[in-house]
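A short worksheet on the structure shown next.
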Amino acid sequence: MTLQKRHTIIFDMDGVLFDTERLSIPCWEAAGLAYGISGMGELSRACIGTTAVRTKEILTGSFDHPIPYDEIRAEKSRLMHESFVRNGMPVKPGVFELMDWLKENGFAIGLATSTRRAAVEEELAMCGLDRYFDVVVCGDELKRSKPAPDIFIKCGGELQAVSEETWVIEDSYNGIRAAHAAGMKPVMVPDLLAPDEEMRSLAVQICGDLFEVRSYLERQF
């Protein structure tokens, strides 16, 4: 099947393309314990889908005393990078199959991630995913974090997309909220957070994995 017109799809990164959210939680916990603070792993769940700035606000606001947040975050980043170098990027099943199909069928492909650009570029290059994206927008380039729609609006604008004809592949509640607020078509692929009634009402489809995303998209044409 070859599509007759150019369609647009935008991906989140962590939890959708990479199985990094699952790794992030124990790394936050280990980093916190290195500075004598427990519970950072569980607290970090509330930060899924948000920017570094918002993550700092959430985590520092969870304590009634100052914590060495910047040092803890640096240690968490070191632990994750160490894992990537040792084990490779934890790419989700079906990523390359879906990306190849999208390219073959003429989709414009964007990435809208809350992660900072320097980390995004390094991680995409490590596994060869960088070649698939026409536009990449990162969290350190906007003032407002998801669930605000800004990142999807910016990415869609750079792709010259029609919002109501643009699919967004997300795993987080905040990401689904942001895509819906942008007037796009959110598709939830749950990672650590199971879909609740709100997510079922906002998403146009809930898929178990990226293979199901391809099957869903094939049925749209």
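Close amide H pairs (under 5 Å, H built 1.01 Å from N) link ILE10 with GLY110, TRP167, VAL168, ILE169, residues at least 5 positions away or on another chain. For segment 144-154, putting each phi into the Karplus relation 6.51 cos²θ - 1.76 cosθ + 1.60 with θ = phi - 60° gives couplings of 9, 8, 3, x, 4, x, 3, 5, 6, 5, 5 Hz, in residue order, rounded to whole numbers and with x for Gly and Pro. If only the Cβ of Lys and Arg carry +1 and only the Cβ of Asp and Glu carry -1, the dipole of the chain around its Cα centre is close to 340 debye. For segment 7-104, the carbon plus sulfur part of the accessible surface works out to 53%, probe radius 1.4 Å. Apolar share of the accessible surface for segment 149-221: 45 percent from carbon plus sulfur atoms, 1.4 Å probe. Output the 0 to 90 degree angle, nearest 10, between the alpha-carbon long axis of helix 20-34 and the longest principal axis computed from the alpha carbons of the chain. So the helix axis and the longest Cα principal axis differ by about 10 degrees. For segment 114-208, what is the accessible area per residue in Å², given a 1.4 Å probe and the full set of protein chains? Accessible surface, normalised per residue, equals 44 Å².
About its Cα centre, the dipole of segment 20-96 is roughly 320 debye, where the only charges are +1 on Lys and Arg Cβ and -1 on Asp and Glu Cβ.
The protection proxy used here, the mean number of other Cβ atoms lying within 10 Å of each residue, ranks peptides 65-74, 8-17, 206-215, 186-195 as follows, highest first: 8-17, 186-195, 206-215, 65-74.
Taking every C-alpha pair closer than 8 Å and separated by at least 6 residues, the mean separation divided by the residue count of the chain gives a relative contact order of 25 percent. Near the amide H of VAL136, within less than 5 Å, lie the amide hydrogens of LEU111, all on another chain or at least 5 residues away, with H placed in the peptide plane. Heavy atoms of the protein chains alone define the surface here; on that basis segment 48-92 has 56 Å² accessible area per residue at 1.4 Å probe size. In sequence order, segment 192-205 has phi-based couplings of 8, 10, 6, x, 9, 4, 4, 5, 5, 7, 8, 7, 7, 7 Hz under the Karplus curve 6.51 cos²θ - 1.76 cosθ + 1.60, θ = phi - 60°, and Gly or Pro positions carry x. Using the average count of surrounding beta-carbon atoms within 10 Å as a protection proxy, the listed peptides 130-136, 151-157 rank, highest first, as 151-157, 130-136. Ignoring lysines fewer than eight residues from LYS146 along the same chain, the ones with Cα atoms less than 18 angstrom from its Cα are LYS56, LYS154, LYS185. Converting phi to 3J(HN,Hα) with the Karplus coefficients 6.51, -1.76 and 1.60 and the offset θ = phi - 60°, segment 119-126 yields 5, 4, 4, 5, 5, 5, 5, 4 Hz in sequence order, with x at every glycine or proline. For PHE18, the residues whose amide H sits under 5 Å from its own are LYS92, ignoring neighbours fewer than 5 places away on the same chain, with H placed 1.01 Å from N. Between ALA74 and PHE211, residue separation times 0.36 nm minus the direct Cα-Cα distance comes to 45.9 nm. The slack in the chain from GLU42 to LYS103, taken as 0.36 nm per residue of separation less the alpha-carbon distance, amounts to 18.2 nm.
The values are calculated or read from the model by the stated rules, or taken from the named source; none is laboratory data. Note that the structure is predicted; figures quoted are calculated from it, not measured. In this analysis, Cβ positions are derived from the backbone assuming ideal geometry, glycine residues included, and neighbour counts consider all displayed protein chains. Heads up: the accessible areas ignore ligands, DNA and RNA and are worked out on the full protein's heavy atoms, side chains in. Shrake-Rupley method; radii C 1.70, N 1.55, O 1.52, S 1.80 Å.
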